[in-house]
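*Asks:* Could you have a look at this structure, given as structure tokens, before my questions?
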Amino acid sequence: MFNIMEIKPAFADDIYGFTDSLLAWLNDKQQKAPDGEILKILLNKAWEKNLAEEQKIVQHALFMIYQINLSHPLSAPAQRQYDPDVLALKNRLEQAWIEHEFNHVEIPDEVFSSEHFGDYLKKVWKSHNASHHSLFDFLERQATKQQVDIFLKSDSALNLIFFDLVAWTLIGSQPETRGTISENLWDEIGEGDNVFTHVNLYKEVLKKQKIELKDNHYIDMYDSAALAGHNAFMLGAINREHYYKLLGVMAMTEVLDPPQYEKLVNGCLRLGLSESEVKYYTEHITIDIRHGDDWLYKVIDVIADKYPLSRQEFYLGSLLRLQTAERYYDSLLERIKIS
Ligand SMILES: [Fe+2]
Ligand SMILES: [Fe+2]
């Protein structure tokens, strides 16, 4: 969400009172930061004991803190952006999550030895479950109109800030990559035509399906997996040390989309929608093939050649996107099936 005066929660209550307290603090309705002891308990249960409810609370805490970065400049949360206590909390949440996310990962030798690193990352994508997830087969062949609508609602929050996410990759970018990134951003903004900005194309999809775009962009549907997927972008967007991870996240996003959107569009056509009603998705089937190649070959490869140690970051960023996407698709499919 963009230019909000107050942080919007996916949920406000939890049994610890942590979410409520954090929300009030970020919105400047209480001066006291959330209880540090409770945070310790939450982090332990979430990441040492692997408990789903606590994982959701801590991912959601990070999700709310990240919203500050796109809040209205005149809002109370904007005043908190560099509050040392907010930053300390953010860092603790991030460190615990990242450690858990990558605790099983061993960096393969090929990350450093492969001659064509971009092609290697494509192999990583192709061999990951996220690249051929059954969610999209279900949408293509079996989903009802109502089930497709659930997918569309759930897709809102990220699609609607995607311009900003791409814009973040431009700040402090390697000069030789700036043209390529700017082209991507130009596509996002509809090559300057307001009707065709990707944000507006997406809003059109919702409008054509008579889905009202709620103020909170349907984040109340978000569970732990969806929150983590969203956070994976913001982690790299606002933390310089994770910038290369963000580029990995971006590259995987673009290569994931075309084959999956093709299935989604087929499902929509099967249900009687016209191609023009899902233009956002048809557009991305073609454009994202180029975007994927651009990130891999004109951005990542250029940086990887110059700074060989960056390869590990690109690899981890790619994994971060693939892992969070897989969990998100798993849980969304389950939700859609029982609807
Ligand atoms: Fe786009
Ligand atoms: Fe794209």
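The values are calculated or read from the model by the stated rules, or taken from the named source; none is laboratory data. Just so you know, these numbers come straight off a predicted model, no measurement behind them. So basically every Cβ, Gly included, is an ideal-geometry build from the backbone, and we count neighbours across all protein chains shown.
*Asks:* Any chance you could count how many residues in segment 152-173 are outside any helix (DSSP H, G or I) and away from ligand 1 (no atom under 14 Å from the Cβ)?
*Replies:* Adding up the residues that qualify gives 3.
*Asks:* Name, by its number, the condition in (1) more than 20 Å from the chain's Cα centre (by Cα); (2) outside the structural domain of TRP47 (by TED's automatic domain parsing); (3) surrounded by 15 or more Cβ atoms within 10 Å (Cβ to Cβ) that does not hold for ARG80.
*Replies:* (2)
*Asks:* Go over the candidates VAL205, VAL166 one by one and state the one that is at pLDDT 95 or above, buried (at least 19 other Cβ atoms within 10 Å of the Cβ) and either in contact with a Phe, Trp or Tyr (Cβ under 8 Å, 6 or more places away or on another chain) or over 17 Å from LYS298 (Cα atoms) (or both). Can you show your working first?
*Replies:* On the way: VAL166 fails: either in contact with a Phe, Trp or Tyr (Cβ under 8 Å, 6 or more places away or on another chain) or over 17 Å from LYS298 (Cα atoms) (or both).
When all the criteria are applied, what remains is VAL205.
*Asks:* Oh, and also: Out of segment 313-339, which residues are surrounded by fewer than 16 Cβ atoms within 10 Å (Cβ to Cβ) and of a type outside the set (Gly, Ala, Ser)?
*Replies:* Selection gives GLU334, LYS337, ILE338.
*Asks:* Go through VAL199, VAL265, VAL205, VAL255 for me and flag whichever is β-branched (Val, Ile, Thr), within 16 Å of ligand 2 (Cβ to nearest atom) and closer than 30 Å to VAL111 by Cβ.
*Replies:* The unique qualifying residue is VAL255.
*Asks:* List pairs: first in segment 288-305 and free of Cβ contacts under 8 Å to residues at least 24 places away in the same chain, second among the polar types (S, T, N, Q) and within 13 Å of ligand 2 (Cβ to nearest atom), Cβ under 9 Å, 6+ apart or cross-chain?
*Replies:* As it stands, the answer is ARG290/ASN184, since those pairs meet every condition given.
*Asks:* Something else: So ASP193 fits all but one of (1) within 16 Å of ligand 1 (Cβ to nearest atom); (2) within 15 Å of TYR280 (Cα to Cα); (3) in contact (Cβ under 8 Å) with a residue 40 or more places away in the chain; what number is the exception?
*Replies:* Going through (1) within 16 Å of ligand 1 (Cβ to nearest atom); (2) within 15 Å of TYR280 (Cα to Cα); (3) in contact (Cβ under 8 Å) with a residue 40 or more places away in the chain one by one, ASP193 breaks only (3).
*Asks:* Does segment 286-339 hold any residues that are of a type outside the set (D, E, K, R) and more than 20 Å from LYS122 (Cβ to Cβ), and which are they?
*Replies:* Residues satisfying the conditions are TYR307, LEU309, TYR328, SER331, LEU332, LEU333, ILE336, ILE338, SER339.
*Asks:* Can you spot a residue in segment 136-149 that is of a type in the set (Ser, Thr, Tyr) and within 29 Å of ILE238 (Cα to Cα)?
*Replies:* Narrowing segment 136-149 to residues of a type in the set (Ser, Thr, Tyr): 144.
The next check asks that each one be within 29 Å of ILE238 (Cα to Cα); those that pass are none.
Checked segment 136-149: no residue is of a type in the set (Ser, Thr, Tyr) and within 29 Å of ILE238 (Cα to Cα).
*Asks:* Being touching a residue at least 40 places away in the same chain (Cβ under 8 Å), surrounded by fewer than 24 Cβ atoms within 10 Å (Cβ to Cβ), hydroxyl-bearing (Ser, Thr, Tyr) and within 30 Å of ARG311 (Cα to Cα) narrows it down to one residue among TYR261, TYR243; which is it?
*Replies:* TYR243
*Asks:* Hey, can you tell me all the residues within segment 174-190 that are in contact (Cβ under 8 Å) with a residue 24 or more places away in the chain and either more than 16 Å from ligand 2 (Cβ to nearest atom) or assigned to a helix (DSSP H, G or I) (or both)?
*Replies:* GLN174, GLU176, THR177, THR180, ILE181, GLU183, ASN184, ASP187, GLU188 - these are the residues of segment 174-190 that are in contact (Cβ under 8 Å) with a residue 24 or more places away in the chain and either more than 16 Å from ligand 2 (Cβ to nearest atom) or assigned to a helix (DSSP H, G or I) (or both).
*Asks:* Among the candidates THR324, THR253, which residue alone is within 19 Å of VAL199 (Cα to Cα) and hydroxyl-bearing (Ser, Thr, Tyr)?
*Replies:* When all the criteria are applied, what remains is THR253.
*Asks:* Does segment 281-291 contain at least one residue that is under 19 Å from the mean Cα position of the chain (by Cα) and within 21 Å of GLU115 (Cα to Cα)?
*Replies:* No: segment 281-291 contains no residue that is under 19 Å from the mean Cα position of the chain (by Cα) and within 21 Å of GLU115 (Cα to Cα).
*Asks:* Among the candidates LEU160, LEU135, LEU139, which residue alone is surrounded by 14 or more Cβ atoms within 10 Å (Cβ to Cβ) and over 18 Å from GLU254 (Cα atoms)?
*Replies:* LEU139
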